[in-house]
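Visitor: This is the structure I have questions about; it appears just below.
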Number of protein chains: 2
Amino acid sequence: MAEVNKVGVISESLEDYLETIYLLIQKQRFARMKDIADDRNVSMASVNSAMKRLAKEGLVEHASRGIVLLTNEGENLARMVLRRHEFVRDFLVSVLRVPEAIAEKDACSFEHFMSPETFHRMVTFFEFITTCGMDIQTHFDDYRKHYDNLEARDNPCNHMHCRNRFGAHWAHARRLTDLKPGESGIVGRIRASHRIRQRLIDMGVLPHVEVTLLRVAPLGDPIEIKLRGYNLSLRKDEASAILLHDDTPESPETDTESAHE
Amino acid sequence: MAEVNKVGVISESLEDYLETIYLLIQKQRFARMKDIADDRNVSMASVNSAMKRLAKEGLVEHASRGIVLLTNEGENLARMVLRRHEFVRDFLVSVLRVPEAIAEKDACSFEHFMSPETFHRMVTFFEFITTCGMDIQTHFDDYRKHYDNLEARDNPCNHMHCRNRFGAHWAHARRLTDLKPGESGIVGRIRASHRIRQRLIDMGVLPHVEVTLLRVAPLGDPIEIKLRGYNLSLRKDEASAILLHDDTPESPETDTESAHE
DNA sequence: AACCCAAATTAGACAAGCCTAATTTAGTGG
DNA sequence: CCACTAAATTAGGCTTGTCTAATTTGGGTT
């Protein structure tokens, strides 16, 4: 309601300046050119010109050779950006389990571009996950640790742990290697050591992506698949790690539409 | 292994050009200046200079007055960016339930900035959520619809639905109004109509944030709280919608560290 | 062969952001 | 009161990424 209306109007860089100023004022009750320059690792000349641009937008007040003050509008905008920053960081850390330092860095970028709608959905999802009583986070931690530590163990994972905990029906899911040439499926889960998993992900084998089996070489080893328009050659152990969803897509077009209904 | 090494080296804009070129070649087997310009809604002169910069980086080949081709490196980078784009979009749509069009737009921004680590965590989380057998998505849809449609109904929600489904212990959770002046708590859930919910979120009342009750006015109505360093005045119905987590933080510093252990 | 047109290129301008180097200003100490 | 210093400002330069306007090029028409 009484919210900021300059969202998306000023640049990423200027938003960062606002944020810096807000935090400096919180910390030491005032913000000088020098402080801002040090904080953002830029020259004072750059800060000077940035302050002029911010003043022109009515977001800061800056008497010549004086300290920098935020206007009401500027403070609101700064707070809004900061709010997103902190929330996104918390989301990445608490839900996705991204390491703190990386989450902080990524939040710095996301804060500028995320649409209000996505922000709102993310808030609702966070709230749901942390309060739904299903202890999803603990389950996810188990899941994650399992795959992160899988490296030196037996490869196509058959642990009780895996079978019992993470959906028994995945124990009997179709694998990529179960397809006949020409058949397609949707990638659901990759059940392999961290190394192979990483390799497959890097090659574009991601959940929710449609794969088509093209050819299997005589001895069954190089397996050729088609994936989002380009061809890929996999070894058998890589291909058999790819578990597919039950539902086959009706047509390639409705891919993202029919998500998970 | 044989992956791109230009990540983070070229600008957001150039990455977008690469992506456009890749998609054009997929669609019509070649990419001319004009096509790229039309697709990205820029002038041909801009495309021309962009192609020169991309050629200098060894990402495209572009004989004068000829069509634009991707080098191997350029194609890999384009594919990588596109992969992220599509995956993030799917994540936003399928997990967070962001509307398709907005997810598409946000994915356009995120693709350029997301660190590999966050990408990887997101993939793992997506995989977990869609295959863990807990049917989290359906639960989340219920949760979401419940709050989205709450508008005209009785306000501090007491539905059976709510009590039973979304963690019975939240029926007896402390509210912000249960705190004594000076006491603090961590925001867990906001149980209010969409309008009030939105208002609180806009003011910075987000899950995982620490709030301190400062003062309650004589008649109990304007309630003053402190929140991430600034003060806020809430009406009683707003404040009582804020449910708190059980665990009180030991110290304000370890806030994000002690996330949810 | 001369002409025309669409695509591509070049030239030149502009804003945002950054820089370094030189200058101005204000406060502090001798 | 003068000199020194730290902070702030100005001047001028650079890159990226956009634009418009003019020009070149090459393939098809008449």
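Readers should treat all values here as calculations from the given coordinates under stated rules, not as data from a laboratory. Just so we're clear, the structure is a prediction, and the values are computed from it rather than from any experiment. Every residue, glycine as well, gets a Cβ built from its backbone with ideal geometry; the counts of neighbours run over all protein chains shown.
Visitor: Given label points at 7 Å from Cα along Cα→Cβ, what nm distances, shortest first, separate A:Glu224 from the same residue in every other copy?
Guide: Distances between equivalent label points, in nm: 7.5.
Visitor: For segment A:227-237, what does the Karplus curve 6.51 cos²θ - 1.76 cosθ + 1.60, with θ = phi - 60°, yield as ³J(HN,Hα) per residue in whole Hz, taken in order and with x for Gly and Pro?
Guide: For segment A:227-237, the Karplus curve yields 8, 6, x, 9, 8, 9, 10, 10, 7, 4, 5 Hz.
Visitor: Going through segment B:22-130, which trypsin sites (Lys or Arg not before Pro) have at most 12 other Cβ atoms within 10 Å and a DSSP loop state?
Guide: Values: sites: B:Lys27, B:Arg29, B:Arg32, B:Lys34, B:Arg40, B:Lys52, B:Arg53, B:Lys56, B:Arg65, B:Arg79, B:Arg83, B:Arg84, B:Arg89, B:Arg97, B:Lys105, B:Arg121; in loops: B:Arg29, B:Arg32, B:Arg65, B:Arg97.
Qualifying residues, ordered by number: B:Arg29, B:Arg65.
Visitor: Suppose each label sits 7 Å from its Cα in the direction of the beta carbon; what would the B:Glu57-A:Thr71 distance come out to in nanometres?
Guide: Going from the B:Glu57 label point to the A:Thr71 one covers 3.7 nm.
Visitor: Would you please give the residues with an amide H less than 5 Å from that of A:Leu70, counting only those at least 5 places away or on a separate chain, with H modeled from the backbone geometry?
Guide: Amide H neighbours of A:Leu70, under 5 Å, 5+ apart: A:Glu61.
Visitor: Which ³J(HN,Hα) values in Hz, rounded to whole numbers, follow from the phi angles of segment A:182-193 under the Karplus curve 6.51 cos²θ - 1.76 cosθ + 1.60, where θ = phi - 60° and Gly and Pro get x?
Guide: Karplus values, whole Hz, x for Gly and Pro: x, 7, 10, x, 9, 5, x, 8, 10, 10, 7, 4.
Visitor: If each Cα of segment B:38-135 is one equal point scatterer, what is log10 of I(q)/I(0) from the Debye formula at q = 0.15, 0.19, 0.23 Å⁻¹?
Guide: With one equal scatterer per Cα and no solvent, log10 I(q)/I(0) is -0.75, -0.98, -1.18.
Visitor: Between copies, how far apart are the A:Leu69 label points? List them in nm, one decimal, shortest first, with each point 7 Å from Cα toward Cβ, please?
Guide: 6.4
Visitor: Would you mind listing the distances between the B:Gln137 label point and the same position in each other copy? Use 7 Å along Cα-to-C-beta, nm, one decimal, shortest first.
Guide: Reported distances to equivalent positions: 2.4 nm.
Visitor: For the pair A:Ala45 and B:Met44, what calculated FRET efficiency results from E = 1/(1 + (r/R0)^6), where r is the Cβ-Cβ distance and R0 = 41 Å, to the nearest 0.05?
Guide: Computed FRET efficiency for B:Met44 and A:Ala45: 0.70.
Visitor: Where nothing but the Cβ of Lys and Arg (+1) and of Asp and Glu (-1) is charged, how large is the charge dipole of segment A:1-121 around its Cα centre, in debye to the nearest 20? Please list the in-between numbers first.
Guide: Working: 17 positive and 19 negative charges, 65 e Å.
With Lys and Arg at +1 and Asp and Glu at -1, about 320 debye.
Visitor: Then there's this: Say R0 is 45 Å: what FRET efficiency, to the nearest 0.05, do B:Ser184 and A:Lys180 get from their beta-carbon distance?
Guide: Given R0 = 45 Å and the Cβ-Cβ separation, E is 0.15.
Visitor: Then there's this: Any idea how far the Cα center of segment A:53-91 sits from the one of segment B:27-96, in Å?
Guide: First find each Cα centre; the distance between them is then 35 Å.
Visitor: With θ set to phi - 60°, apply the Karplus curve 6.51 cos²θ - 1.76 cosθ + 1.60 along segment A:17-34 and write out the HN-Hα couplings as whole Hz, x wherever there is a Gly or Pro.
Guide: 4, 4, 4, 4, 4, 4, 5, 5, 5, 4, 7, 10, 6, 7, 9, 9, 3, 4
Visitor: A 24 angstrom limit on the alpha carbon distance is what I want to check against. Which of B:Lys145/B:Lys180; A:Lys226/B:Lys27; B:Lys34/B:Lys56; A:Lys226/B:Lys105; A:Lys52/B:Lys226 exceed it?
Guide: B:Lys145/B:Lys180; A:Lys226/B:Lys105; A:Lys52/B:Lys226
Visitor: Compute the Cα gyration tensor for segment A:168-253, then decide on rounded, prolate or oblate, letting a ≥ b ≥ c be the square roots of its eigenvalues: rounded whenever a/c is under 1.5, prolate when a/b is larger than b/c in the other cases, and oblate in all that remain.
Guide: rounded
Visitor: Of B:His146, B:Ser109, B:Gln26, which is farthest towards the positive pole of segment B:1-153's charge dipole, taken about the Cα centre with +1 and -1 on the beta-carbons of Lys, Arg and Asp, Glu respectively?
Guide: B:Gln26
Visitor: Given 10 Å bins starting at zero, what is the percent of C-alpha pairs of segment A:80-121 in each, up to the one with the largest pair distance?
Guide: The distribution over segment A:80-121 is 33, 58, 9, given as percents.
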